[in-house]
Amino acid sequence: MVKQVSKLDSFDFPFFHSLTEDEKSLVIANGTKRTYKMHDLIYRMDDPADRVFILQKGVIKLETRSNDGKETIKELLYNPSIFGLESVSGISSWREFAFAKSHQVEVYEFDKKSILDLMATNFTFCKEIMSYLTEKIKNTERRLEAQVVKNARSRVLDFIKESGEQRGIQVGYELLVKRHLTQQEIANITGTSRQTVTEVFRSLKDKNLIYFNRNKILIRDILKLV
């Protein structure tokens, strides 16, 4: 359930720094701020892809589901992030579900047409959007390559290391990472099994390389996670 919906007064995001004040005013006029709570649905697979989103606060999970109900996590988004840009590339409906994954999530929504209009008139803005989409495709290709080349243990280790490098808070020589995924969800995002994730986490904990509970992962020394 959406807790609150309001119009935008202002916003700040790197992609939009290339816009003129008039262009920003146009985006704001067509923008909406929505606040969600944990597990709220932001959009579902096959809904019309008619918006672009900025995650201003919190965490969002993008996932797909097979016909037999198996979940695959495509991406975990942390603020600030932009998502839904696939809508400007021509898709007519969403190819995944988007859920709030933290207790308070704040999302800015923009009509797809207003973004397309800006891309047509502002070359720098258009170039930044296309560069972002290209990088996202490369990241997806790297993940698919890892599924083929790396074994299950290595993929779980990569997940822990990337979490530390991207979101870890330095505490002396250690990195503190807030957890937003269960072990089953980590298995889903790494293409492994829950048993494998459990075994890797326990092995690292027994070697005093990490400490973890339901809320956090403490990486003792990221250079030793090999």
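None of the figures in this text is laboratory data; all of them are computed from the coordinates on show. Predicted, not measured: the structure shown is a model, and the values here were computed from it. As a convention, Cβ positions derive from the backbone with ideal geometry for all residues, glycine included, and neighbour counts pool all protein chains shown.
May I ask for the angle, rounded to the nearest 10°, between helix 123-149 and the longest principal axis of the chain, with both axes built from Cα atoms and the value confined to 0 to 90°?
Tilt of helix 123-149: around 20 degrees.
Based on the mean of other beta carbon atoms within 10 Å per residue, what is the order of 88-97, 13-22, 73-82, most packed first? All intermediate terms of the calculation are to be shown ahead of the outcome.
Working: 88-97: 14.2, 13-22: 12.7, 73-82: 17.2.
Sorting 88-97, 13-22, 73-82 by mean packing, highest first, produces 73-82, 88-97, 13-22.
How far, in degrees from 0 to 90, does helix 152-167 lean away from the longest principal axis of the Cα atoms of the chain, to the nearest 10?
Tilt relative to the chain: about 50 degrees.
With the alpha-carbon atoms as the only input, what is the per residue convex hull volume for the stretch 150-224 in Å³?
Values: hull volume 6.2 nm³, N = 75.
For the stretch 150-224, the hull spanned by Cα atoms encloses 83 Å³ per residue.
Using a cut-off of under 19 Å, list every residue of the stretch 92-108 whose amide N is near the label point 7 Å from the Cα of Asp50 along the Cα-to-beta-carbon line.
92-98, 108
Taking amide H positions as placed 1.01 Å from N in the peptide plane, with prolines and chain starts having none, which residues 5 or more places from Arg51, or on another chain, fall under 5 Å of its amide H?
Amide H neighbours of Arg51: Lys112.
How large is the helix-only mean residue ellipticity at 222 nm for the chain, computed as the sum of -39500 (n - 2.57) over DSSP H runs with n ≥ 4, divided by its residue count, in deg cm²/dmol to the nearest 500?
Details: 6 runs with 83 residues, N = 226.
Using -39500 (n - 2.57) per qualifying helix, the result is -12000 deg cm²/dmol.
Going by alpha carbons, how many degrees (0 to 90, nearest 10) lie between the helix axis of 112-121 and the longest principal axis of the chain?
70 degrees
Tell me, what is the FRET efficiency for Met119 and Thr140 to the nearest 0.05, using R0 = 25 angstrom and their Cβ-Cβ distance as r?
Values: r = 22 Å, r/R0 = 0.88.
Plugging the Cβ-Cβ distance into 1/(1 + (r/R0)^6) gives 0.70.
Which FRET efficiency value, to the nearest 0.05, do you get for Leu133 and Ser25 by plugging their Cβ-Cβ distance into 1/(1 + (r/R0)^6) with R0 = 22 Å? Walk me through the numbers before you get to the answer.
On the way: r = 25 Å, r/R0 = 1.15.
Computed FRET efficiency for Leu133 and Ser25 comes out at 0.30.
Build a GNM of the chain with springs between Cα atoms under 10 Å: which of Lys61, Lys70, Lys138 gets the top mean-square fluctuation?
Per the Cα network of the chain with a 10 Å cutoff, Lys70 tops the list.
For the cross-link pairs Lys74/Lys216; Lys61/Lys136; Lys70/Lys207; Lys57/Lys205; Lys178/Lys207; Lys113/Lys178, which exceed 27 Å when the distance is taken from alpha carbon to alpha carbon? Intermediate results must be reported in sequence, preceding the final value.
Working: Lys74/Lys216 21 Å; Lys61/Lys136 16 Å; Lys70/Lys207 33 Å; Lys57/Lys205 31 Å; Lys178/Lys207 21 Å; Lys113/Lys178 36 Å.
Result: Lys70/Lys207; Lys57/Lys205; Lys113/Lys178 exceed 27 Å.
Please figure out what share of the DSSP beta bridges in the stretch 150-224 is antiparallel and state it in percent, rounded to the nearest 5.
Values: 10 of 10 bridges.
DSSP beta bridges in the stretch 150-224 are roughly 100 percent antiparallel.
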